[in-house]
1. Please give the number of the condition THR168 fails out of (1) over 18 Å from ASP54 (Cα atoms); (2) within 27 Å of the chain's Cα centre (by Cα); (3) modelled with pLDDT of 95 or more.
2. Against the definition (assigned by TED's automatic domain parsing to the domain that holds ASP180, within 16 Å of ASN187 (Cα to Cα), buried (at least 21 other Cβ atoms within 10 Å of the Cβ) and within 15 Å of the chain's Cα centre (by Cα)), how does VAL53 come out, yes or no?
3. Does region 101-127 hold any residues that are within 28 Å of GLU22 (Cβ to Cβ) and either in a helix (DSSP H, G or I) or modelled with pLDDT of 95 or more (or both), and which are they?
4. Among the listed residues ALA132, ALA91, which satisfies the condition of being surrounded by fewer than 17 Cβ atoms within 10 Å (Cβ to Cβ) and touching a helix residue (DSSP H, G or I) at 6+ places or on another chain (Cβ under 7 Å)?
5. Tell me which residues, restricted to region 212-245, are basic (Lys, Arg) and either in a loop (DSSP other than H, G, I, E, B) or surrounded by 10 or more Cβ atoms within 10 Å (Cβ to Cβ) (or both).
6. Might you check whether a residue that is assigned to a helix (DSSP H, G or I), aromatic (Phe, Trp, Tyr), under 21 Å from ILE24 (Cα atoms) and free of Cβ contacts under 8 Å to residues at least 24 places away in the same chain occurs anywhere in region 154-168?
7. So which of ARG98, ARG14, ARG78, ARG84 ends up being surrounded by fewer than 24 Cβ atoms within 10 Å (Cβ to Cβ), of a type outside the set (A, V, I, L, M) and modelled with pLDDT of 95 or more?
Amino acid sequence: MQGKPPLAHSPRHRVPAQTYIEHITNVRQQANRNARRAAAFHKGDCASFIGSVDAAAIYHDLGKLEKSNQEVLERDSRDPLPIRHEDAGVAELERLGRQEAAVLVAAHHAGLFSCAEEIAKQGLPFRYLDIANQTNANLPALQYVHAFSGCPEINQIPATALHDCGFTRRVALSCLVDADHSDTSRNYGREVQTPRVKRRWSRRLDALKQYVNNLPQGKGDREIARNALRRRVFDACTNVSVTPSIRACDAPVGSGKTTAVMAHMLKVAVEKRLRHIFVVLPYTNIIS
């Protein structure tokens, strides 16, 4: 590379190029912060979880050090990189016995894998078969440039099988992707700082109750009776104890479950000081 520091992002619109070591350092720091915050709620092997995210952050852009990729990164353009840069990081992490980290690198742009597709690769899972041989041949040189640039290296460990918790893997991938994309946005001046929003569960519950209190009683005996039943469902969900922690609301369509269940969840959030309420619905038109 003729003495020039290798790059991770090309110059664009008067924003100078970002060096490889700067990007790797920033992503590693943020990914580790993300992983440690997530691990506080992890029931499994926290050290392994954090270690996988850390290893993935260190090598996620190793393939950008390929000569033809660097030639593109040196100029102001939106040309795609000629060599898929994920492949080198996957190859190096698999060599180091870091299978979970390799999966995260393979997925940090493409998304998580399909088991059938990876099994079909016959011994080269998570690799890009069209460039795998080239990557393997260039890997020592890429690792040398990585280390010579001042980036950290990690030790080889005995390879272990992938764990079987897809949710844990998705959280780990989020830790890496958030750090990677956030640093890229900051580099190009597109990162938007969002202030931390205070939780106001009690105020939201009061507002929901006020909304329900202001609903019309209806016209005609049938509609009035139906709305009265909706109110009974709402009051029951609002007033029921928050213990035990798992509840079910078996009520038919049109009985006001949306507001009633949310009232109960807001009450739970108040009493248990929850950080978030997640609402998972089956159809996007209902969410809209």
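The values are calculated or read from the model by the stated rules, or taken from the named source; none is laboratory data. Owing to the predicted nature of the structure, the values given are computational and were not obtained by experimental measurement. Ideal geometry is used to build each Cβ from the backbone, glycine not excepted, and the neighbour counts take in all protein chains shown.
1. (1)
2. Here the answer is no, as VAL53 does not meet what is asked.
3. Of everything in region 101-127, those that are within 28 Å of GLU22 (Cβ to Cβ) and either in a helix (DSSP H, G or I) or modelled with pLDDT of 95 or more (or both) turn out to be ALA101, ALA102, VAL103, LEU104, VAL105, ALA106, ALA107, HIS108, HIS109, ALA110, PHE126, ARG127.
4. ALA132
5. Selection gives LYS219, ARG226, ARG230, ARG231, ARG232.
6. Of all residues in region 154-168, those assigned to a helix (DSSP H, G or I) come to 166-168.
Next, from what is left, pick out any that are aromatic (Phe, Trp, Tyr): 167.
Imposing the further condition that a residue be under 21 Å from ILE24 (Cα atoms) reduces the set to none.
No; the residues of region 154-168 include none that is assigned to a helix (DSSP H, G or I), aromatic (Phe, Trp, Tyr), under 21 Å from ILE24 (Cα atoms) and free of Cβ contacts under 8 Å to residues at least 24 places away in the same chain.
7. On the way: ARG98 fails: surrounded by fewer than 24 Cβ atoms within 10 Å (Cβ to Cβ); ARG14 fails: modelled with pLDDT of 95 or more; ARG78 fails: modelled with pLDDT of 95 or more.
Result: ARG84 is the single residue among ARG98, ARG14, ARG78, ARG84 that is surrounded by fewer than 24 Cβ atoms within 10 Å (Cβ to Cβ), of a type outside the set (A, V, I, L, M) and modelled with pLDDT of 95 or more.
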